[in-house]
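Presented below is the structure to which this report refers.
Read-outs: derived from the displayed coordinates by stated rules, not from any lab. This is a predicted model, so every value here is computed, not measured. Every residue, glycine among them, receives a Cβ derived from its backbone with ideal geometry; neighbour counts consider all protein chains shown.
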Ligand SMILES: Nc1nc2c(c(=O)[nH]1)N[C@H]1C(S)=C(S)[C@@H](COP(=O)(O)O)O[C@H]1N2
Ligand SMILES: [Mo]
């Protein structure tokens with residue numbers, strides 16, 4: 001795994017058959033699984049071990065999706081509203097044109113995905129309710145590629161059990177991070193949202209991309225995701241509890257709603 005990450009361009013993705021012409025927008029739970037290119041990508045992906053596949057069967061219940069009319073007129077900003085980091089600020093100033101998302105750790109092919117590649121992948125759109133433990137909720141629309149298809153491109157090694165999201169922001173000295181297991185990572189509603197309510201994600205809501213893992217609470221919805229690391233264990237990473245709030249305040253790691 002000392003291999004340099006591959007930059008996946010739109011052309012390369014098209015060559016790999018990962019994308020339909022022009023990319024496609026999907027909504028509704030299993031359209032993506034019914035999509036032949038996506039299915040063959042998943043089936044061909046040697047990323048996947050049988051144990052995990054079995055574990056996923058029956059664990060794919062969907063979070064409720066809402067109609068456009070249900071969308072909240074205002075969606076609160078919570079936690080950090082800007083990473084305030086110079087490298088991040090430079091990327092934000094150029095609309096993340098030279099920024100890449102890193103996928104590394106227990107993968108066969110470490111990747112560096114530019115925005116153009118993420119935007120060219122099949123997109124899932126979903127209107128869901130975000131529930132914060134601080135006692136507020138908001139219904140918003142999210143759009144982006146499914147995390148599962150990105151992990152399939154990287155190819156998981158058999159030991160991979162968790163996806164860790166490393167964020168650009170911190171609280172004091174502690175970086176914000178979060179993690180989920182592979183059941184949630186390959187859940188159809190788990191996306192890396194590039195857009196919110198029909199617009200590119202703003203800095204306050206987590207630009208250039210944030211995790212949406214819809215069956216869990218607000219603090220799992222990591223903003224400012226810079227790097228996704230595949231690990232066999234959460235031990236030895238920061239406080240060892242799998243997330244910033246889990247370490248700092250003993251919040252539950254599995255924040256099921
Ligand atoms: N990187 C990062 N992600 C984060 C947070 C944060 O401070 N930093 N706050 C979390 C919490 S507690 C909530 S409720 C939501 C808030 O998302 P919003 O600002 O888009 O409403 O983001 C979550 N993800
Ligand atoms: Mo929250």
Please give the number of the condition residue 210 fails out of (1) farther than 30 Å from residue 69 by Cα; (2) within 16 Å of ligand 1 (Cβ to nearest atom); (3) under 15 Å from the mean Cα position of the chain (by Cα). (1)
When every residue in the range 170-207 that is over 26 Å from residue 154 (Cβ atoms) and out of contact with any strand residue (DSSP E or B) (no Cβ under 9 Å at 6 or more places or on another chain) is compared, the one farthest from ligand 1 (Cβ to nearest atom) is 173
Okay, strands (runs of 3 or more DSSP E) sitting entirely in the range 179-244 with 3 or more residues that are touching a helix residue (DSSP H, G or I) at 6+ places or on another chain (Cβ under 9 Å), I get 225-231
Is it true that some residue in the range 71-87 is within 23 Å of residue 219 (Cβ to Cβ) and assigned to a helix (DSSP H, G or I)? no
Extreme residue, nearest to ligand 2 (Cβ to nearest atom), among residues of the range 67-81 that are surrounded by 15 or more Cβ atoms within 10 Å (Cβ to Cβ) and at negative phi: 78
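List the strands (runs of 3 or more DSSP E) that sit entirely inside the range 103-151 and contain at least 1 residues that are within 30 Å of residue 251 (Cα to Cα) and within 16 Å of ligand 1 (Cβ to nearest atom).
Where strands (runs of 3 or more DSSP E) fall fully within the range 103-151 and carry at least 1 residues being within 30 Å of residue 251 (Cα to Cα) and within 16 Å of ligand 1 (Cβ to nearest atom), they are 123-132, 136-144.
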